[in-house]
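S.K.: The structure is given below, and queries will be raised subsequently.
Values quoted throughout were computed directly from the atomic coordinates according to the rules given, and no laboratory measurement underlies them. Because the structure is a prediction, the values reported are computed rather than measured. Using ideal geometry, Cβ is built from the backbone for each residue, glycine included, and neighbour counts are taken over all protein chains shown.
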Amino acid sequence: MHYDLIVRRGICVFPWGEAQADLGIKDGRIASLAVTAQDSAAQEIDATGLHVLPGMIDAHVHLRDPGNAAIESIATGTRAAALGGITLVFDMPNTSPSITSSETIADKRRTVADNALIDMGLYVGATRVNTPQLGALEQEEGVCAIKVFAGSSTGDLMIEDDAGIEAVLRHGHRRVAFHSEDEYRLQDRKALFETGMPHVNHMIWRDEECAFLGTRRITALARKTGRPVHILHTSTAEELDWLAAHRSHVSVEVLVNHLTQIGPDCYETLGAYAVMNPPIRDQRHYDACWAAVRDGRVDVVSSDHAPHPREAKEKPWPQCPAGLTGVQTILPVMLDHVNAGRLSLTRLVDLMAAGPARIYGLQTKGRLAVGFDADLTLIDLRAEREIRNDWIASPVGWTPFDGKRVKGWPVGTIVRGNIVMRDDEIVSGPIGQLARFAP
């Protein structure tokens with residue numbers, strides 16, 4: 001048989017385990033897991049010594065488009081993702097203007113078609129004005145979920161009260177994603193701190209109770225309305241213990257930063273380049289996040305890629321904006337954790353491919369199986385590299401992991417059978433499309 005692309009002799013991570021296999025790709029889909037020596041293709045990749053993963057998904061990024069291309073854009077952000085082995089990203093709605101209507105979704109859809117190197121999903125922001133339309137908006141092409149900022153936002157992208165959140169949950173039926181810090185506690189505690197105080201105060205201000213209170217309230221409303229919710233960037237031991245008893249209604253995301261960096265040390269070494277929301281916390285919460293990864297309480301690991309220019313990050317705390325780059329570095333950092341024995345490669349695939357597909361309703365992505373999109377991430381588990389600022393494709397040009405040595409590196413990014421990245425080089429134009437989600 002003749003295929004468009006054959007990937008031979010790689011160690012494939014299937015839902016049923018690892019096995020060496022030859023994959024045949026035709027018309028953007030996986031057509032065979034058992035290509036023969038006699039079969040041919042327009043292109044072939046020899047993956048000897050490499051692992052072939054389902055395309056890795058970063059389900060939480062801020063590509064700032066529309067906004068300021070000097071900070072980030074769909075073109076630069078998807079380039080960064082492809083260099084980091086990511087085949088699909090879900091982009092947040094807090095842009096300028098925000099993505100809150102059919103008109104802004106349509107505008108963004110056109111930008112994706114013209115600029116994206118990889119596939120994308122789009123969050124729609126919930127507001128008090130568009131709440132009655134959310135059931136229709138979540139059905140628009142390419143929409144991965146409704147996003148609610150229950151804390152830490154500006155303008156109309158903030159619904160912090162129980163009545164407002166309940167109203168959102170009663171319009172539509174798909175899973176709703178939440179930033180769950182409690183805005184009331186945040187504002188009450190703000191007066192305790194002054195401009196110019198050490199950056200470690202970020203984790204003191206936005207403390208454990210701030211996150212836990214928000215998550216308890218949202219969980220109660222999910223149970224009351226029967227609507228499934230997804231708690232983004234879960235960061236505390238208290239939340240993770242609580243959510244274990246509420247799995248029927250609530251799914252869980254943890255960020256790579258909360259699995260990698262530990263306060264207060266990170267604030268002493270990185271300053272503002274460790275400031276994000278929710279904050280990086282201390283050893284107890286780091287250990288709790290890893291325990292939750294190991295026992296299955298975590299569904300998704302993401303980056304919350306949120307670039308800011310250096311001149312903004314270097315303002316005194318708390319004037320420095322919260323947010324770190326991450327879409328390009330999440331997979332190398334997580335592969336280093338695999339090599340360190342903190343999780344298996346199979347579990348990583350569950351967290352960054354099968355998990356996002358399950359939680360968000362991706363119908364043809366997230367696994368290596370016949371009929372699924374031919375999204376593949378090729379990795380060299382033995383490669384040792386140093387993450388450096390000069391590798392970062394985002395215009396801001398920095399990473400909180402600058403100088404970190406890792407073992408494990410992405411060497412190929414394939415999106416629907418199109419080779420986008422090979423050996424640190426982008427080899428494709430903008431072939432990205434909007435992903436398809438279950439209605």
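S.K.: Around residue 191, what is the net charge, scoring Lys/Arg as +1 and Asp/Glu as -1 over all other residues with Cβ under 15 Å from its Cβ?
M.R.: On the way: positive: 185, 189, 190, 206; negative: 183, 188, 194, 207.
With Lys, Arg at +1 and Asp, Glu at -1, the net is 0.
S.K.: Compute the distance in nm between two label points, each set 7 Å from the Cα along the Cα-to-Cβ direction, one at residue 425 and one at residue 107.
M.R.: Simple spin-label model gives 3.8 nm for this pair.
S.K.: Starting from the exponent 0.38 and prefactor 2.2 Å, build the expected Rg for region 1-122 from its residue count and divide its actual Cα Rg by it. It would help to have the intermediate numbers written out before the result.
M.R.: Working: Rg = 17.9 Å, N = 122, 2.2 N^0.38 = 13.7 Å.
Rg over 2.2 N^0.38 Å, computed on Cα atoms: 1.31.
S.K.: Okay, next question. Averaging sequence separations of C-alpha pairs under 8 Å and six or more residues apart, then dividing by the length of region 44-99, give the relative contact order as a whole percent. Don't jump to the answer; show the numbers that get you there.
M.R.: Numbers: 62 pairs, mean separation 24.3, N = 56.
Once normalised by length, the contact order is 43 percent.
S.K.: Just need the Rg to Rh number for region 225-376, please, alpha carbons only, Kirkwood Rh.
M.R.: That ratio is 0.99, to two decimals.
S.K.: Short version: ³J(HN,Hα) in whole Hz for each residue of region 230-241, in order, from phi by Karplus 6.51 cos²θ - 1.76 cosθ + 1.60 (θ = phi - 60°), x for Gly and Pro, what are they?
M.R.: Using θ = phi - 60°, the values come out as 10, 8, 6, 5, 5, 9, 10, 4, 4, 4, 5, 5 Hz.
S.K.: Quick one: which of 158-166, 186-194 comes out on top by average Cβ neighbours within 10 Å, and what's the full order, highest first?
M.R.: Details: 158-166: 17.7, 186-194: 11.8.
Result, highest mean Cβ count within 10 Å first: 158-166, 186-194.
S.K.: Mean shadow of region 393-436, computed from the convex hull of its alpha carbons, in nm²?
M.R.: Working: hull surface 19.2 nm².
Projected area, direction-averaged: 4.8 nm².
S.K.: Around residue 227, under 12 Å between beta carbons, what's the net of Lys plus Arg minus Asp minus Glu among the other residues? Intermediate results must be reported in sequence, preceding the final value.
M.R.: Details: positive: 170, 174, 175, 223, 224; negative: 138, 166.
Local net charge: +3.
S.K.: Give me the distance in nm between label points sitting 7 Å out from Cα along the Cα-to-Cβ direction at residue 128 and residue 209, one decimal.
M.R.: With each label placed 7 Å out from Cα toward Cβ, I get 2.7 nm.
S.K.: Another question about this same structure. Multiply the residue gap between residue 1 and residue 369 by 0.36 nm, knock off their C-alpha separation, and tell me the result in nm, one decimal place. Spell out each step's value before the answer.
M.R.: Values: separation 368, 0.36 × 368 = 132.48 nm, distance 1.83 nm.
Between residue 1 and residue 369, full extension yields 130.7 nm more.
S.K.: Mean separation of Cα pairs under 8 Å and 6+ residues apart, divided by the residue count of the chain: what relative contact order is that in percent? The partial results should precede the final answer.
M.R.: On the way: 1078 pairs, mean separation 94.9, N = 439.
Once normalised by length, the contact order is 22 percent.
S.K.: Can you say what percent of the DSSP beta bridges in the chain, counting only those with both residues inside, are antiparallel? Round to 5.
M.R.: Working: 31 of 68 bridges.
The antiparallel fraction comes to roughly 45 percent.
S.K.: Another one. Taking R0 as 25 Å, what FRET efficiency do you get between residue 46 and residue 344 from their Cβ-Cβ distance, rounded to the nearest 0.05?
M.R.: Values: r = 25 Å, r/R0 = 1.02.
Plugging the Cβ-Cβ distance into 1/(1 + (r/R0)^6) gives 0.45.
S.K.: Also, I was wondering about something else. I'd like the FRET efficiency for residue 311 and residue 436, computed as 1/(1 + (r/R0)^6) with the beta carbon distance as r and R0 of 56 Å, rounded to 0.05. Please report the intermediate quantities before stating the final value.
M.R.: Numbers: r = 40 Å, r/R0 = 0.71.
Calculated value: 0.90.
S.K.: Let me ask another. Could you calculate the contour length gain from residue 190 to residue 382, that is, 0.36 nm times the residue separation minus the distance between their Cα atoms, to one decimal place in nm?
M.R.: 64.5 nm
S.K.: Students often check this: by mean Cβ neighbours within 10 Å, which of 112-123, 96-107, 199-210 ranks highest, and how do the rest follow?
M.R.: Numbers: 112-123: 23.2, 96-107: 16.2, 199-210: 19.7.
The densest-packed peptide leads the list: 112-123, 199-210, 96-107.
S.K.: What whole number of Å gives the distance from the Cα centroid of region 336-395 to the Cα centroid of region 235-272?
M.R.: For region 235-272 versus region 336-395, the Cα centre distance is 20 Å.
S.K.: Using r as the Cβ-Cβ distance of residue 14 and residue 36, and R0 as 22 Å, what FRET efficiency do you calculate, to the nearest 0.05?
M.R.: On the way: r = 19 Å, r/R0 = 0.85.
Here the calculated transfer efficiency is 0.75.
S.K.: Helix-only mean residue ellipticity at 222 nm, the chain, DSSP H runs n ≥ 4 weighted -39,500 (n - 2.57), per residue, nearest 500. What is it?
M.R.: Rounded to the nearest 500, the figure is -7500 deg cm²/dmol.
S.K.: Sticking with the crude label model, points 7 Å out along Cα→Cβ, report the distance from residue 70 to residue 223 in nm, one decimal please.
M.R.: Between residue 70 and residue 223, the label points sit 5.0 nm apart.
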